[in-house]
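Taking it in order: structure first as structure tokens, then the write-up.
Bear in mind that the values in this text are calculations on the coordinates, not laboratory data. The shown structure was predicted, so the numbers you read here are calculated from the model rather than taken from an experiment. Note that each Cβ is placed from the backbone with ideal geometry, even for glycine, and that neighbours are counted across all protein chains shown.
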Amino acid sequence: MPVGLRPEIGPATQHGFELIYPLVATELLFHVTVRERYCEVNIFVNYRDKNWDMLLSIEVEEVRKGAYFTCSWCCLEGDKKYFSSRCQLYADHLWEPFFAWVQENISPDKKVSIFAINSCGSSWAEVGTLNQVVEYVTARKFVHSFPIIQSPYGDTA
């Protein structure tokens, strides 16, 4: 993973912390919430002091079953996986999907596009290539677009 795509631990609160990717657009906020037996990872899109959408939201709520760990959400959905350690559970449910998303979406050819429907106050964001962004501008309620990777010199990559 390139140096700019290695996360640093950012500001922390009582129940979480931010992950900072030095070369990633500041409009993206990577936040990890940690509570007893619960953790979630969210990627927010913020623009002009407003949260427009979450690009990713994954969570785990651990349950101890004897010598094993499982996720209460998976148990509800009938997808019971058991892990011999808490670390394995969190890797499977949070970190592997999170880093897969980062690997797929954080690249120089990707942009985030923001959309809104003013009549109902709905907004959303999507990750796409430059060609997709051109389609978005003409076909939807386009508001703004920005490159995911930023130049270390302050301009866009």
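Take every pair of alpha-carbon atoms less than 8 Å apart whose residues are at least six positions apart; their mean separation over the length of the chain yields a relative contact order of 16 percent.
Summing charges over all other residues whose Cβ lies under 10 Å from the Cβ of S123, with Lys and Arg as +1 and Asp and Glu as -1, gives +1. When the P(r) of the stretch 1-64 is calculated, the portion above 20 Å amounts to 32% of the C-alpha pairs. Net charge of the neighbourhood of M54, taken over other residues with C-beta under 14 Å away and scored Lys/Arg +1, Asp/Glu -1, is -4. Pairs from the list K50/K111; K110/K141; K81/K110 with a Cα-Cα gap above 26 Å: K81/K110.
Listed by chain and number, the lysines whose C-alpha is less than 26 Å from the C-alpha of K80, apart from same-chain residues fewer than 8 away, are K65. Straightening the chain between V34 and N51 buys 4.0 nm, computed as 0.36 nm per residue apart minus the Cα-Cα spacing.
The order of F30, F99, going from fewest to most other C-beta atoms within 10 Å of their C-beta, is F99, F30. Restricted to Cα atoms, the stretch 27-77 shows a radius of gyration and a Dmax of 14.5, 49 angstrom.
Its Cα gyration tensor gives the chain an equivalent ellipsoid; the semi-axes, largest first and in whole Å, are 32, 19, 15. Here V63 and T26 are evaluated by their C-beta separation; at R0 = 41 Å the FRET efficiency comes out at 0.65.
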